[in-house]
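See structure below.
What follows is calculated from the coordinates using simple rules that are stated; it is not laboratory data. What you see is a predicted model; the values in this text were computed from it and never measured. Here the Cβ is made from the backbone with ideal geometry for all residues, glycine too, and neighbour counts use every protein chain on show.
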């Protein structure tokens with residue numbers, strides 16, 4: 001007798017994502033895409049390979065080693081691996097030397113929204129394992145002052161390892177709970193890539209089970225996220241920029257968190273130019289209205305960007 005899938009289980013993908021059926025565009029295409037492996041991406045680290053001829057030579061070496069890839073036209077220095085199942089980027093010598101860095105394409109979006117500049121004092125509040133810190137350093141040519149923070153020692157170890165591997169010198173690492181990060185000189189810009197349920201990373205197994213699903217019984221994430229975002233606001237200078245991002249779909253971890261900040265502090269959401277397709281943020285969910293400016297936040301869905309799904313909000317402190 002054929003065993004039936006238990007669709008009443010929260011671990012079965014059709015049941016789990018049904019709450020988002022009217023939210024996610026091309027919903028059936030989204031469900032189908034979850035059955036495919038997540039594409040691998042890498043970026044060239046221009047802090048070590050700055051010359052165009054050197055970059056071309058590096059790409060030729062990767063081809064000789066069997067990596068089949070294509071350039072991502074929308075975002076500079078990013079490449080999509082075509083023979084995804086055959087290649088482990090982390091095992092390549094070029095990765096160990098810090099010439100390339102494995103990073104999902106959509107993880108660049110919070111940094112693009114942050115628009116970091118040389119000379120700025122920037123806090124990456126939840127930084128480990130350091131992909132976004134590394135990109136901030138690269139974009140600023142290693143000439144910003146970046147404070148990369150994480151509360152867990154094991155994650156800080158990975159962060160420091162990546163910073164050294166990528167040849168970054170402008171980073172100071174700290175270990176604090178983000179909600180309790182100490183006051184001092186106000187930051188020009190802060191990135192809050194918050195801990196989340198990670199629904200934008202979920203994939204589907206052979207029996208319809210959700211892969212990479214984080215276990216139940218986790219801490220109250222929206223409460224933690226609100227604490228992180230409010231603290232970031234209090235740490236940034238008047239007129240300064242905060243980017244809040246997650247890799248999840250849940251509006252309670254996204255728009256509702258930003259809406260909370262807008263009600264507690266004098267902040268405004270500002271628009272920014274996105275290189276990848278997105279949908280505007282929600283101004284209502286499950287009958288609860290949000291601030292109208294939440295439509296300026298951006299939602300990215302995995303089947304449309306062919307990468308991890310993301311939410312990005314760019315916020316300015318008014319005073």
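Write down the percent of antiparallel bridges among all DSSP beta bridges whose residues are both part of segment 105-317, to the nearest 5.
In segment 105-317, DSSP labels about 50 percent of beta bridges as antiparallel.
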*Take 69, 42 and order them by how many other Cβ atoms sit within 10 Å, fewest up front.*
69, 42
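Can you tell me how the chain classifies by the Cα gyration tensor, rounded, prolate or oblate, using a/c under 1.5 as the rounded cut? Show your work: numbers first, answer last.
Numbers: a/c = 1.69, a/b = 1.03, b/c = 1.64.
Oblate is the answer for the chain, as a/c is 1.5 or above yet b/c matches or exceeds a/b.
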_Relative contact order of segment 37-102, pairs being alpha-carbon contacts under 8 Å that are 6 or more residues apart, as %_ = 46
*Calculated [θ] (222 nm, deg cm²/dmol) that DSSP helices of n ≥ 4 give over the chain, each run adding -39,500 (n - 2.57)*: -7500 deg cm²/dmol
*Nearest-0.05 FRET efficiency for residue 20 and residue 57, computed from C-beta distance (R0 45 Å)*: 0.50
*asked:* So for segment 191-245, averaging the separation of alpha carbon pairs under 8 Å that are six or more residues apart and normalising by length, what relative contact order in percent results?
replied: 50
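Express the C-alpha Rg of segment 169-319 as a ratio against the empirical globular expectation 2.2 N^0.38 Å, rounded to two decimals. It would help to have the intermediate numbers written out before the result.
Details: Rg = 16.0 Å, N = 151, 2.2 N^0.38 = 14.8 Å.
Segment 169-319 yields a ratio of 1.08.
Ranking request for peptides 100-107, 148-155: highest mean number of other beta-carbon atoms within 10 Å first, then the rest in descending order. All intermediate terms of the calculation are to be shown ahead of the outcome.
Values: 100-107: 21.8, 148-155: 17.4.
Packing order, densest peptide first, comes out as 100-107, 148-155.
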*Fewest first, what order do 189, 28 take by the number of other Cβ atoms within 10 Å?*
28, 189
*How large, in Å, is segment 37-102 by the Kirkwood hydrodynamic radius built from its alpha-carbon pairs?*
11.9
*What's the long-distance tail for segment 95-184, i.e. % of Cα pairs beyond 22 Å?*
20
_Quick check on segment 196-261: take the gyration tensor over C-alpha atoms, sort the square-rooted eigenvalues as a ≥ b ≥ c, and tell me if it's rounded (a/c under 1.5), prolate or oblate._
prolate
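Only Cα pairs under 8 Å and at least 6 apart count here; give the relative contact order of the chain as a rounded whole percent.
On the way: 623 pairs, mean separation 55.6, N = 319.
That works out to 17 percent.
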*Answer rounded, prolate or oblate for segment 1-150, using the Cα gyration tensor with square roots of eigenvalues a ≥ b ≥ c: rounded when a/c is under 1.5, else prolate when a/b is larger than b/c, else oblate.*
oblate
*Going 7 Å from the Cα of residue 65 toward and past its Cβ, which residues in segment 28-49 have a backbone nitrogen under 15 Å from where you end up?*
41-45, 49
*Spread of Cα-to-Cα distances over 5 Å intervals beginning at zero, given as percent, for segment 155-238*: 3, 11, 15, 16, 18, 17, 11, 6, 3, 1, 0
*Given R₀ = 30 Å, FRET efficiency for residue 177-residue 262 by Cβ-Cβ distance, to 0.05?*
0.80
